[in-house]
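Remarks on the structure that follows.
The values are calculated or read from the model by the stated rules, or taken from the named source; none is laboratory data. As the structure is a prediction and not an experimental result, all values here were calculated from the model. Here the Cβ positions follow ideal geometry from the backbone for every residue, glycine too, while neighbour counts run over all protein chains shown.
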């Protein structure tokens, strides 16, 4: 990110990071370079630090994939495959992913964009993070403003 900032004269319209750790690094580099205001920055994985950066207004959003839904789908598929049960077409909804050799039936779950406005109804409601995890003293007022309870 430091190299990109130098090459672009600190003019960045946004950052689409592969994950929240990379987003955090981009934010740190932009702060060091004096970029203000920060452009929209996105990440993935709903890391605790990213949720806190979203509350602080440093990161715009993170992509959240609900672990419970992933685990339930994986468990059902594992069971079906282990016991020779045909995977119901309703599980895959006719979705396939090409692995380079063939189209493979796939369960594709819908990821969720977590922003300040839906932290409570996503990662907190799912128990992925608790209010106590997120709302440390440094983020208490931001949590209150975002309606996290």
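Here are the numbers:
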read-out	value
Selection count, the stretch 6-22, where residues are within 14 Å of residue 39 (Cα to Cα) and touching a helix residue (DSSP H, G or I) at 6+ places or on another chain (Cβ under 6 Å)	2
Among (1) touching a helix residue (DSSP H, G or I) at 6+ places or on another chain (Cβ under 9 Å); (2) exposed (fewer than 12 other Cβ atoms within 10 Å of the Cβ); (3) over 22 Å from residue 25 (Cα atoms), the one test that residue 80 misses	(2)
Failed item in (1) within 21 Å of the chain's Cα centre (by Cα); (2) touching a residue at least 12 places away in the same chain (Cβ under 8 Å); (3) not in a strand (DSSP E or B), with residue 138 passing the rest	(1)
Output for the stretch 136-148, where each listed residue is within 14 Å of residue 53 (Cβ to Cβ) and in contact with a helix residue (DSSP H, G or I) (Cβ under 7 Å, 6 or more places away or on another chain)	139, 142, 143, 146
Cross-chain or 6+ apart pairs with Cβ under 7 Å, the stretch 68-83 first and farther than 17 Å from residue 45 by Cβ, then outside any helix (DSSP H, G or I) and at pLDDT below 90	73/107; 73/109; 77/87; 77/107; 80/87
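Here's the yes/no breakdown for (1) surrounded by 13 or more Cβ atoms within 10 Å (Cβ to Cβ); (2) farther than 24 Å from residue 136 by Cα:
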position: 37; (1), (2): no, yes
position: 45; (1), (2): yes, no
position: 84; (1), (2): no, yes
position: 87; (1), (2): yes, yes
position: 90; (1), (2): no, yes
